[in-house]
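These notes concern the structure reproduced below.
The values are calculated or read from the model by the stated rules, or taken from the named source; none is laboratory data. These figures come from a predicted structure and were not determined experimentally. Cβ coordinates were reconstructed from backbone atoms using ideal geometry, including for glycine residues, and neighbour counts include every protein chain displayed. These accessible areas exclude ligands, DNA and RNA; they are computed on the full protein's heavy atoms, side chains included. Shrake-Rupley method; radii C 1.70, N 1.55, O 1.52, S 1.80 Å.
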Amino acid sequence: MESLLTPSAAHAGCPKNMEYGPCGGVGFDGSCEVGDFRCVFLDDPLVTWHGVVPPEPDVVPRSSGAAEMMVLMKSRPIVVADFPARAMDAESLAECAALLAGPVDATLAGDHGTARVQFSPSYRASLIRAAGLQVWTGINCRDRNRVAIEGELVGLAHVGVAGVHCVTGDHTLLGSRPDAAAVFDLDSPQVAALARAAGHLVSVGESPTTPPVELRAARLLEKTRAGADVCFVNHCGGVDAVGRFVRESHDLGVTARFIPCVPMVTDHASARLLESFPSLVLPESYLDRILSAADPREEGIRAAVELSLELLEIDGVAGVNLSGGAGHGREAEFAIVLAETAQRLAL
Ligand code: SF4
């Protein structure tokens, strides 16, 4: 297959070799997530998309999974949920998938909260699909070069995934395998372009409260020029913050649909896991409300349902992503919580 991308012109000094930076891991004080220095993108103008233009649908038709999800998203808001199964555990994967199938429209299966070594994206997606659950698969740039990513994208189209979520990804130095070399041959907009060319429904993430805050909507616009259809809005503080970001994006001409993350917390273990997410900002008093309740599980579900319904009132929001993870050994229990939350939403 001929390459669709020009060789990456990485910004000097970026540990992730990003061309279209900055990543979502910039500290609130402007520091790089990897080293003790200022993010190298913060004092420069935004890098605009100068790669291939996304193909027209009559040139590259959408994959079957993408086409089905696009029809569903036109008919009603969708509920996506993070995938809580243990990494590389087919039994846990099948159990969690079976629990989520039905109540949620797709599971977002990307980086694992605590494990860097995982099933490959297309293999994991095929296992989840075989268990009866639709999947929105995450692809990061840390673990694979462009050739390996292209192979995964073809595999994912065969599997029939609903969408492909394209992220640059955390650096290996931050996870459970700091001994592994970090690849970062591409960054998220470049993977979005490849995913769109492979016929996928393409999503990207954006963190509205992460520096440079004033450029995050413009950065999303560039990702849509690369091929993104959907933006998962990372935890940024609640309804007002999401609403501001969506309006700002619309004002710039972004036509992508938005799926904001809804924090899922039902106990101290799930709160700790959520707090490990980079650039996390929760709605005011969200954790206190849940953890101080007589029944934190019930309060966590109620808080998530209330927040979801408010987010869905925002023009341009096409669904919600129930986001979080479980303490070790409580994956199935957490999947039940996610399913119950989705059932109560009953969109
Ligand atoms: S914060 Fe991200 S984009 Fe900025 S220099 Fe570090 S790795 Fe690169």
Give the range 11-21 a look and list any residue that's more than 9 Å from the ligand (Cβ to nearest atom) and over 17 Å from Cys166 (Cα atoms), or say none.
Ala12
Failed condition for Ala115, given (1) more than 11 Å from the ligand (Cβ to nearest atom); (2) among the hydrophobic types (A, V, I, L, M, F, W, C); (3) over 27 Å from Ala197 (Cα atoms); (4) modelled with pLDDT of 95 or more, with all others met?
(4)
Quick one: Val191 ticks every box in (1) among the aliphatic types (A, V, I, L, M); (2) away from the ligand (no atom under 16 Å from the Cβ); (3) open to solvent by less than 20 Å² (accessible area, probe 1.4 Å) bar one, so which box is it?
(2)
If you check Pro55 against the conditions, is it at negative phi and within 16 Å of the ligand (Cβ to nearest atom)?
no
Scan the range 264-282 for residues that are charged (D, E, K, R) and either open to solvent by 40 Å² or more (accessible area, probe 1.4 Å) or under 22 Å from Lys223 (Cα atoms) (or both) and jot them down.
Arg272, Glu275
So which residues in the range 27-45 are farther than 16 Å from Leu173 by Cα, open to solvent by 20 Å² or more (accessible area, probe 1.4 Å) and either among the hydrophobic types (A, V, I, L, M, F, W, C) or near the ligand (Cβ under 7 Å from one of its atoms) (or both)?
Phe28, Val40, Leu42
Could you please give the count of residues in the range 164-181 that are assigned to a loop (DSSP other than H, G, I, E, B), crowded, with 20+ Cβ neighbours inside 10 Å and not polar (S, T, N, Q)?
2
Please specify each residue of the range 12-63 satisfying the condition of being within 22 Å of Phe277 (Cα to Cα) and among the acidic types (Asp, Glu).
Asp29, Glu33, Asp36
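Taking Pro61, is it open to solvent by 40 Å² or more (accessible area, probe 1.4 Å) and either out of contact with any Phe, Trp or Tyr (no Cβ under 9 Å at 6 or more places or on another chain) or under 23 Å from Ala335 (Cβ atoms) (or both)? Before you say what the answer is, go through the steps one by one.
Working: open to solvent by 40 Å² or more (accessible area, probe 1.4 Å): yes; either out of contact with any Phe, Trp or Tyr (no Cβ under 9 Å at 6 or more places or on another chain) or under 23 Å from Ala335 (Cβ atoms) (or both): yes.
Taking the combined requirement at face value, the residue satisfies it.
Quick check on Gly24: is it within 10 Å of the ligand (Cβ to nearest atom) and in contact (Cβ under 8 Å) with a residue 12 or more places away in the chain? I'd like the intermediate steps shown before the answer.
Numbers: within 10 Å of the ligand (Cβ to nearest atom): yes; in contact (Cβ under 8 Å) with a residue 12 or more places away in the chain: yes.
It is true that Gly24 is within 10 Å of the ligand (Cβ to nearest atom) and in contact (Cβ under 8 Å) with a residue 12 or more places away in the chain.
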Among the aliphatic types (A, V, I, L, M), crowded, with 19+ Cβ neighbours inside 10 Å and more than 30 Å from Ser176 (Cα to Cα) - does that describe any residue in the range 322-344?
yes
Counting only residues that are touching a residue at least 40 places away in the same chain (Cβ under 8 Å) and either farther than 22 Å from Ala342 by Cα or within 18 Å of the chain's Cα centre (by Cα) (or both), the range 273-291 contains a total of 10
Just to be sure, is Glu2 of a type in the set (D, E, K, R) and either modelled with pLDDT of 95 or more or more than 10 Å from the ligand (Cβ to nearest atom) (or both)?
yes
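Determine whether Gly237 is open to solvent by 10 Å² or more (accessible area, probe 1.4 Å), closer than 22 Å to Asp29 by Cβ and not aliphatic (A, V, I, L, M). Working first, answer last.
Numbers: open to solvent by 10 Å² or more (accessible area, probe 1.4 Å): yes; closer than 22 Å to Asp29 by Cβ: yes; not aliphatic (A, V, I, L, M): yes.
Spelling it out, Gly237 is indeed open to solvent by 10 Å² or more (accessible area, probe 1.4 Å), closer than 22 Å to Asp29 by Cβ and not aliphatic (A, V, I, L, M).
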Between residues in the range 135-153 that are in contact (Cβ under 8 Å) with a residue 24 or more places away in the chain and residues that are assigned to a strand (DSSP E or B) and open to solvent by 30 Å² or more (accessible area, probe 1.4 Å), which pairs lie under 6 Å by C-beta distance while being six or more apart or on different chains?
Asn140/Val167
Go through the range 65-98 and give me each residue that's touching a residue at least 60 places away in the same chain (Cβ under 8 Å) and more than 21 Å from the chain's Cα centre (by Cα).
Ser92, Glu95
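Per-residue answers, yes or no, for (1) open to solvent by less than 10 Å² (accessible area, probe 1.4 Å); (2) part of a helix (DSSP H, G or I); (3) at pLDDT 95 or above:
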residue: Gly199; (1), (2), (3): yes, no, yes
residue: Pro208; (1), (2), (3): no, no, yes
residue: Pro211; (1), (2), (3): no, no, yes
residue: Arg225; (1), (2), (3): no, yes, yes
residue: Phe232; (1), (2), (3): yes, no, yes
residue: Arg244; (1), (2), (3): no, yes, yes
residue: Ser249; (1), (2), (3): yes, yes, yes
residue: Thr255; (1), (2), (3): no, no, yes
residue: Val262; (1), (2), (3): yes, no, yes
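Going through the range 283-295 one residue at a time, which ones are open to solvent by 40 Å² or more (accessible area, probe 1.4 Å) and either over 29 Å from Thr210 (Cα atoms) or assigned to a loop (DSSP other than H, G, I, E, B) (or both)? Spell out the reasoning first.
Keep residues of the range 283-295 that are open to solvent by 40 Å² or more (accessible area, probe 1.4 Å), which gives 284-285, 288-289, 291-292, 294-295.
Glu284, Ser285, Ser292, Ala294, Asp295, listed by residue number.
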